[in-house]
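Notes for the one structure printed next.
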Amino acid sequence: MDTIVIDGKSLNLEEFIEVARKRKRIELNKEAKKKVEESREYVASLIENKEKIYGITTGFGKFSDVLINKSEIIKLQRNLIVSHSCGVGRPLDEEVVRGIMLLRANALANGYSGIRLSTIQTLIEMLNKGVHPVIPEKGSLGASGDLAPLAHMVLVMIGEGEAYFKGERLDGRLAMDKAGIEILELVSKEGLALINGTQVMTAIGAFAIYDSINLAKISDLAAALSIEALKGITDAFDPKVHAIRGQKGQINSANNLLRILEKSSLTEKQGQSRVQDAYSLRCTPQVHGASKDAVSYIKDKIEIEMNAVTDNPLIFTEENEVISGGNFHGQPIALPLDFLAIALSELANISERRIERLVNPTLNNNLPAFLTEKGGVNSGFMIIQYSAASLVSENKILSHPASVDSIPSSANQEDHVSMGTIGARKAREVLGNAQKVISMEILTACQAIDLRGNLRLGEGTEILYKLVRERVPRLREDRIMYKDINIIEELVVSGEIIKEVENKIGEIL
C-alpha cells in the first residue's frame, strides 16, 4: 500500500516508520474529515456568540484572563506562532520532522481541536510533497506541549521560517511556493491547536523505541558471539532455569541464545573445564531480558501517545462543551523515555564488560592479550575497550532522569513541567552510544573467534560472523580502527543483521 490512511486512532509504530523514515504518503479517512468539520463549525458558533474560551477568545498562559476582540483573533493566532518560535540548537533530523508532522496531523484528525480541515490538509500536503520545516532540537519544557519546536513547524505553513525542500534549505515561503502549496492565514484556535501537543517528544521517542527493539535483538547475537569466543557454558540458558522465574524477556533472551548457538563447537557444558561463567556471560538473559521487558512497556506507551489528543482546550461537539485541561502535559511519555535510556544503558554496560573479558588475557580463556598475535608492536583491540568504556560512562550520565526536574514558566501559571522532550533526546543519544558499543563487541568477538581457530559456529552466530567478515577482514597488524567500527555500526543500525538472521533461523524475540 503506497498511502497510509490516518484517523487519529489506529496509527502504529510500523506505519509511523513507513511514513516518517520511508516517506510513504498519508491521507485522512472520511470519518475523520467529518469530525474535523463538525468541530470547526462549533468553534465558529462560539465566536459568533462571543463566548469566553481559553485560547479562542482569550490570550495564552498567564494572559488567559485577557479577552481578545473578534477583530484581533486572526492577529492573535499569528502572534502566538511567531512569538513562540524560540527554538535553539541544531535542526532535528528530517525523519524526525516528518514524524512530528505525521503525529500532529494524526492528533488533529480526532476532531477535538476545532481546526479547519483545510489547515490539516496543508500539513499533510507538506508531508507528502517533502516540505520539511527547520525545527531546532532545543527549547521545549514538555508541558503546554512542545510549544517552541512545533511553532517552528507552523512558521512554514504561514510563509515564515525555513524549510528543506529537495535537499535545499530555503525560506519557508519559497519552499511552499516551489512545492505548489498555498500559504495559510490561521484563524481562531488554529495556532494553539497546531502547537499545543506532545508530538516532538513522541516522534523522537518513536524512532528511539523502534531502533531499540532491533538493538535488543542484536544484543543477544553479539553476546552469543562473545560466549563462543570465550568458550562459554550454555547450561545457564536452560529453559527450566528461566521458566521458574517467569520473566518474559529473560525467557525469550535465553531461548534466543540457545537457538543462535545451536550446533556450535565452541561452547561448553558446566564441569567440562569450569563450573560457571562470569555474570556478563551467565546472566545475559537476566540483563538483556529486563531491558527487553522495558522496551515492550515503552513501545506500548509510545503507541498510545501517537494516537492521543494532546492539545488544549478540547472541543466536545456532541456535549456542546469546551474544556480546558492538561492533556498537553508530557509526563505520561517523559517517564517511559527516561526508562528507555536506563534500559539501553544496561545493554551497553554488559556489552562493554564482555569486551573487557575478550581483550583481557587474565579473563579471556587463553586468547592473546588485546587479541593481537604480535603484542607490543601492535595494540590490537586495546583501545576499542577504552572507547566502549567512555561511551557507557557517558550513558550513565545521560541516564539521569529528565522527568524528575521541573521549572515554573509563564509567571507560575505553568508551574510543573515534564521535560519529556529532553528525556526523548537523551534516550536517542544513549541509543546511539549503545549501538556503537554493541558494534564494538561484535567486531571484537569476531577477532577472538578467528584467534580461537574459527571452528564450527552456531546457526545464528555463523550468519553474523560471515556478514562481518564480508566487510571487515581479520586484524593481523594494527590499522585505523574507527573505519571498522563504523562499518559494523552501519550493519547494526540498518537492521540488516536482524533481517539476515531471522530469514534463516526464525524470529529473534
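Just so you know, all these numbers are worked out from the coordinates, no wet-lab data involved. Keep in mind that what you see is a predicted model, and the values were worked out from it rather than measured. As a convention, Cβ positions derive from the backbone with ideal geometry for all residues, glycine included, and neighbour counts pool all protein chains shown.
Shown here for segment 324-389: trypsin sites (Lys or Arg not before Pro) in loop regions (DSSP other than H, G, I, E, B) with at most 14 other Cβ atoms within 10 Å, namely Lys374.
Site pair Cys86 and Lys34 shows an inter-label distance of 4.3 nm when each label is modelled 7 Å from Cα along Cα→Cβ.
Between the amide H of Ile4 and those of Arg25, Ile26, Glu27, distances stay under 5 Å, these residues lying 5 or more places away or on another chain, with hydrogens modeled in the peptide plane. The packing ranking, built from the mean of other Cβ atoms within 10 Å per residue, places the peptides 288-296, 389-397 in the order 288-296, 389-397, highest first. Only one residue of Pro401, Ala243, Ile181 has its Cα farthest out toward the positive end of the dipole of the chain, where Lys and Arg carry +1 and Asp and Glu -1 on Cβ, and that residue is Ala243. Between Ser418 and Ala143, Gly330, the built amide H atoms are under 5 Å apart, and every one of these is 5 or more places off in sequence or on another chain.
Using the Cβ-Cβ distance between Glu356 and Glu51 with R0 set to 60 Å, the FRET efficiency from 1/(1 + (r/R0)^6) comes to roughly 0.35.
When the GluC sites (Glu not before Pro) in segment 446-509 are filtered for DSSP coil states and for at most 15 other beta-carbon atoms within 10 Å of their beta-carbon, the remaining sites are Glu470, Glu477, Glu507. Helix 117-129 and the long axis of the chain differ in direction by around 40°, with both axes built from C-alpha atoms.
The mean sequence distance of close C-alpha pairs (under 8 Å, at least 6 residues apart), as a share of the length of the chain, puts its relative contact order at 17 percent.
From the residues Val43, Thr58, Leu13, which one has its Cα farthest along the dipole of segment 1-61 in the positive direction, the dipole being from +1 and -1 charges on Cβ of Lys/Arg and Asp/Glu about the Cα centre? The Cα lying farthest towards the positive end belongs to Leu13.
Could you give the angle, 0 to 90 degrees to the nearest 10, between helix 248-261's Cα long axis and the longest principal axis of the Cα atoms of the chain? Once rounded, one gets 40 degrees. Listed peptides 411-418, 108-115, 89-96 appear in the order 108-115, 89-96, 411-418 once ranked by packing, highest mean of other Cβ atoms within 10 Å at the front. Counting only Cα atoms, segment 205-505 measures 76, 44, 32 Å along its principal axes, largest extent leading.
Three principal axis extents describe the C-alpha atoms of the chain; from largest down they are 85, 49, 45 Å. Over segment 3-197, the alpha carbon radius of gyration divided by the compact-protein estimate 2.2 N^0.38 Å works out to 0.98. Largest first, the three principal axis extents of the alpha carbons in segment 1-56 are 46, 22, 16 Å in whole numbers.
Calculate, in nm to one decimal, what Phe63 and Arg469 gain on full extension: separation in residues at 0.36 nm each, minus their alpha carbon distance. Fully extending the segment from Phe63 to Arg469 adds 139.8 nm. Assuming charge only on the beta carbon of Lys and Arg (+1) and of Asp and Glu (-1), the dipole of segment 205-505 about its Cα centre is about 1620 debye to the nearest 20. Averaging the sequence gap over all C-alpha pairs within less than 8 Å and six or more residues apart, then dividing by the number of residues, gives segment 3-197 a relative contact order of 25 percent. Along segment 316-324 the Karplus relation, 6.51 cos²θ - 1.76 cosθ + 1.60 evaluated at θ = phi - 60°, assigns HN-Hα couplings of 10, 5, 5, 9, 6, 10, 10, 10, 8 Hz to successive residues, with x for each Gly and Pro.
Projecting label points 7 angstrom from Cα along Cα→Cβ for Leu509 and Glu459 puts them 1.5 nm apart. Taking Cα atoms only, the orientation of helix 94-108 departs from the longest principal axis of the chain by about 50 degrees. Taking N as the residue count of segment 1-116, its C-alpha radius of gyration divided by 2.2 N^0.38 Å amounts to 1.28.
Which of Leu491, Ala424, Leu455 sits farthest toward the positive end of the charge dipole of segment 399-509, with +1 on the Cβ of Lys and Arg and -1 on the Cβ of Asp and Glu? The listed residue farthest towards the positive side: Leu455. Please list, ordered by chain and number, the residues whose modelled amide H lies under 5 Å from the amide H of Glu268; skip anything fewer than 5 residues away on the same chain. Amide H to amide H, under 5 Å and 5 or more residues apart or across chains, Glu268 pairs with Gly232, Ile233, Thr234.
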